[in-house]
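Engineer: Input: one structure, supplied below.
The values are calculated or read from the model by the stated rules, or taken from the named source; none is laboratory data. Everything quoted here is computed from the prediction, not taken from an experiment. We place every Cβ from the backbone using ideal geometry, glycine too, and count neighbours over all the protein chains shown. What goes into the accessible areas is simple: the full protein's heavy atoms, side chains included, and nothing from ligands, DNA or RNA. Shrake-Rupley method; radii C 1.70, N 1.55, O 1.52, S 1.80 Å.
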Amino acid sequence: RARTPPPYEKWMVIIDGLNVGRAHGSVGWKSPLVPAAEISASGPLWKKPICGQAILQSVNDVMAKGHDVKVFLPQWVVEAPRPGTPDRRAYGFNDLIALAEKRNSDGSPMLELTPSNASDDHFFLVFATQYKTEGDYPVRVLSNDHFRKEVEQGNISAGWRDEHTIKYKFMHMPRSGLRLSTAPTLPG
């Protein structure tokens with residue numbers, strides 16, 4: 001159930017990079033970097049290709065509303081694979097690497113890489129829960145994930161998840177291209 005957002009305030013918005021990067025094909029938007037056959041292939045979201053352009057568009061849209069942003073991604077999304085293994089890097093991964101050079105208003109990097117063989121959800125949820133308790137401005141997580149595993153393991157409560165998660169969808173706008181829609185939950 002969507003909550004009415006509080007009056008405008010600045011937030012730290014954590015972007016679930018894998019979730020956002022794989023969801024771009026759901027609106028029929030075709031990135032020139034991602035082969036159309038891979039976007040339209042049926043199957044679970046976790047098997048979809050990752051589009052760096054969709055992640056960067058999300059960053060730009062959140063920042064345009066006046067919020068700070070931090071993208072969490074596993075290292076394998078941007079690093080070259082080991083010899084003999086498939087290349088699973090994001091399409092447009094070089095743009096994502098450049099994101100690591102950008103800084104938020106607090107001086108922190110906008111990109112955080114998590115270990116390849118670990119749950120990226122765990123890393124950004126730990127960051128989100130600790131960020132809030134450090135007394136900084138409120139934190140929200142941009143993801144369509146339900147975080148069932150994290151709730152079941154007691155890492156976060158269902159109430160925390162419902163209060164702090166911003167659900168989104170991508171819309172293809174004829175004149176401006178791909179846009180992130182979070183209405184009405186992301187103020188700005």
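Engineer: List pairs: first residue in the range 8-34 and within 18 Å of Ala64 (Cβ to Cβ) and in a loop (DSSP other than H, G, I, E, B), second residue at pLDDT below 85 and of a type in the set (A, V, I, L, M, F, W, C) anywhere in the structure, Cβ distance under 8 angstrom, at least six positions apart or on different chains.
Structural biologist: Pairs found: Trp11/Leu186.
Engineer: While we're looking at this one, here's another question. Count, please, the residues in the range 77-114 that happen to be part of a strand (DSSP E or B) and modelled with pLDDT of 80 or more.
Structural biologist: Residues flagged as part of a strand (DSSP E or B) and modelled with pLDDT of 80 or more within the range 77-114 amount to 6.
Engineer: Follow-up. Looking only at the range 132-188, count how many residues are open to solvent by 40 Å² or more (accessible area, probe 1.4 Å), touching an Asp or Glu at 6+ places or on another chain (Cβ under 8 Å) and modelled with pLDDT under 70.
Structural biologist: Count: 2.
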